[in-house]
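The values are calculated or read from the model by the stated rules, or taken from the named source; none is laboratory data. What you see is a predicted model, and the numbers here were worked out from it, not measured in a lab. Here the Cβ positions follow ideal geometry from the backbone for every residue, glycine too, while neighbour counts run over all protein chains shown.
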Amino acid sequence: MDSTVKVSQAAIFAMVLGMIIIWTNLRRFVLLISLFFIIVMAVLYIVDIIEWAEIFGSTSIGLVVLVLLSYLPQLINKGYIENL
């Protein structure tokens, strides 16, 4: 099951990154989905379904990282970040 989950997460991340690059107004929606996944993770952790909680938690963190990375070109363009 672990390899299936990793492949599925990679496919989800690729689709979300493509969607965020094309339609920048979807960033807020992706962050809301990530918040929902964190809530699901907490509930699953409380009811002792640790494996599924880990899947939802790691997917949520990955989505947040993708959204934050999508803001990087704007930050560089505005001059907030000079050299990487």
Considering only residues that are more than 18 Å from the chain's Cα centre (by Cα), outside any helix (DSSP H, G or I) and not acidic (Asp, Glu), which ones fall in the stretch 46-81? 47, 49, 79, 80, 81
Options 55, 20, 33, 12; residue that is under 26 Å from residue 81 (Cα atoms) and in contact (Cβ under 8 Å) with a residue 24 or more places away in the chain: 20
Out of the stretch 37-53, which residues are of a type outside the set (A, V, I, L, M) and out of contact with any helix residue (DSSP H, G or I) (no Cβ under 8 Å at 6 or more places or on another chain)? 48, 51
Residues within the stretch 18-43 that are within 19 Å of residue 74 (Cβ to Cβ) and either surrounded by 12 or more Cβ atoms within 10 Å (Cβ to Cβ) or of a type in the set (S, T, N, Q) (or both), tallied: 10
Within the stretch 1-41, track down each residue that is under 13 Å from residue 58 (Cα atoms), modelled with pLDDT under 90 and of a type in the set (Val, Ile, Thr). 5
